[in-house]
Amino acid sequence: GIIDEHIAFHWAQGVRKFIIYDDGSTDNPWSVLEKYVALGIVEYHDLAEHWQANSVALQLEMMNECFTTFRERGPEEGIRWVMFPDLDEFVLSSVPGETLSDTLNAKYKGEACLQIARTWYGSSFYHQKPVGLVTETYLLASPDYADGYPKLIANIYPENVTRNATALYSVHNFVNQTEIPCVLKNAIRDVRINHYLRSLEEYDSKAVHTNNPVSYTHLRSHETDSYL
């Protein structure tokens, strides 16, 4: 399923820790995630019984908790980058031969945060969910870097910068963005997010039922020897 593909894809891009907050999914993601939790790749939080389950407020609260926690754990665990994609968003380097981790650490170590534009992939005329990997099935997309709502990648301890981002206003902006400016999406052409809406059947289901699990992903620093 898409959870396996999401984890495998980003593992190949240099991601070494996945934090998933499940606020009321109905498709039993634990049955897929259990093996990754046992391996130490995934940290899973079941919030189905939370009084704010399936709400934007809870999602933002958990994202900020996650961001704060990993800023504290970052230096000890070799974590530098934190990003906030959904399960149907795949983040990658556009540089041939480089992983996402390679590109971030080669070019952006001095930046506090990045706004990454999303390229939207539609149904490719599939009405029902087809067999095969998402990234190999849906090939028709919007123009690159055209999305008005980018997603964030944060640098926990940017080089030569005295302050860094401290809290999220949303997955698109930090609350102190005027003080700690992000590199804007129009200035970034070597990191991208492919956002897959998938088949019409899957999109309709997502539009009606907003209780899909959300994935918050954490990149280990390229400088550590055991995480990449």
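Excluding residues on the same chain fewer than 8 positions from Lys107, give the lysines whose Cα lies under 30 Å from its Cα.
Within the straight-line limit of under 30 Å, Lys107 reaches these lysines: Lys17, Lys151, Lys185.
With +1 assigned to the C-beta of every Lys and Arg and -1 to the C-beta of every Asp and Glu, and no other charges, what is the dipole magnitude of segment 1-95 about the Cα centre in debye, to the nearest 20?
480
Please report the net charge: other residues with Cβ closer than 14 Å to the Cβ of Ala57, K and R +1, D and E -1.
-3
Using a cut-off of 12 Å between beta-carbons, work out the net charge of the residues near Pro130 (Lys and Arg +1, Asp and Glu -1, Pro130 not included). Could the numbers behind the result be given before it?
Working: positive: Lys129, Arg198; negative: Glu136, Glu201, Glu202.
Neighbour charge sum, excluding Pro130 itself: -1.
Charges on Cβ only, +1 for Lys and Arg, -1 for Asp and Glu, centred on the Cα centroid of segment 70-143; of Pro75, Gln115, Asn105, which one is farthest towards the dipole's positive end?
Value: Gln115.
Compute the distribution of all C-alpha to C-alpha distances in segment 110-153, in bins of 10 Å from 0, and list the percent of pairs in each, rounded to whole numbers.
The distribution over segment 110-153 is 24, 38, 28, 9, 1, given as percents.
What is the dipole size for segment 41-132, taken about its Cα centre, with +1 at each Lys and Arg Cβ and -1 at each Asp and Glu Cβ, in debye to the nearest 20?
400
In whole percent, and with a 1.4 Å probe on the protein chains, what portion of the accessible area of segment 85-204 is carbon and sulfur?
Details: 3140 of 5790 Å².
Within segment 85-204, the accessible surface is 54 percent carbon and sulfur.
Treating the beta-carbon of each Lys and Arg as +1 and of each Asp and Glu as -1, no other charges, what is the dipole magnitude of segment 55-100 about its Cα centre, to the nearest 20 debye?
160
How big is D, in µm² s⁻¹, for segment 105-192 by Stokes-Einstein at 4 °C and 1.567 mPa s if Rh is the Kirkwood radius over C-alpha pairs?
Once the numbers are plugged in, D ends up at 87 µm²/s.
Can you report the principal axis dimensions of segment 1-92 using only the alpha carbons, biggest first, rounded to whole angstrom?
Principal extents (Cα only, largest first): 34, 30, 24 Å.
With every protein chain present, what is the per residue accessible area of segment 1-158 (1.4 Å probe, Å²)?
That works out to 45 Å² for each residue.
The values are calculated or read from the model by the stated rules, or taken from the named source; none is laboratory data. Everything numeric here is computed off the predicted structure, so don't read it as measured data. All Cβ positions, glycine included, derive from the backbone under ideal geometry; neighbour counts span all protein chains shown. For the accessible areas, the whole protein counts, side chains as well, though only heavy atoms, and no ligand, DNA or RNA atoms are used. Shrake-Rupley method; radii C 1.70, N 1.55, O 1.52, S 1.80 Å.
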